[in-house]
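Every number here is computed from the coordinates shown, using simple stated rules; none is lab data. Just so you know, these numbers come straight off a predicted model, no measurement behind them. No Cβ is skipped: glycine too gets one built from the backbone with ideal geometry, and neighbour counts run over all protein chains shown.
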Amino acid sequence: MDDEELIREILAALIEDTSRQAHLLAEAIREEDATKCGRLAHYSKGACASLGALAAASRLQNIETGAAIGDFAECGASLEALHHEIARLRTEVEVL
């Protein structure tokens, strides 16, 4: 894609959606709802991976795996790392 404005818009939408999902993930982790946590992480992981946000996708994979085995401490740590990754992506999009 050679349209920088379109790329910025797509990435901004990804960041906004992933931020919303992160809020819902925090709720699922607090409630120790493995099904909801895994489903939310899987959805966001796919979106991030599709757009090349591989570090965020990796954090989401960790949450999905943690939820599958009931390791909500790992989910929480990975969610914290995801928040940092979202902030880094925001900064990168701002300088595009």
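Consider Ala81 carefully, then state whether it is buried (at least 19 other Cβ atoms within 10 Å of the Cβ) and either assigned to a helix (DSSP H, G or I) or within 12 Å of the chain's Cα centre (by Cα) (or both).
no
Could you list all residues from the range 15-67 that are touching a helix residue (DSSP H, G or I) at 6+ places or on another chain (Cβ under 7 Å), outside any helix (DSSP H, G or I) and surrounded by fewer than 15 Cβ atoms within 10 Å (Cβ to Cβ)?
The one that is touching a helix residue (DSSP H, G or I) at 6+ places or on another chain (Cβ under 7 Å), outside any helix (DSSP H, G or I) and surrounded by fewer than 15 Cβ atoms within 10 Å (Cβ to Cβ): Glu32.
State the number of residues belonging to the range 48-78 that are within 10 Å of the chain's Cα centre (by Cα) and closer than 13 Å to Ala34 by Cα.
Result for the range 48-78: 1.
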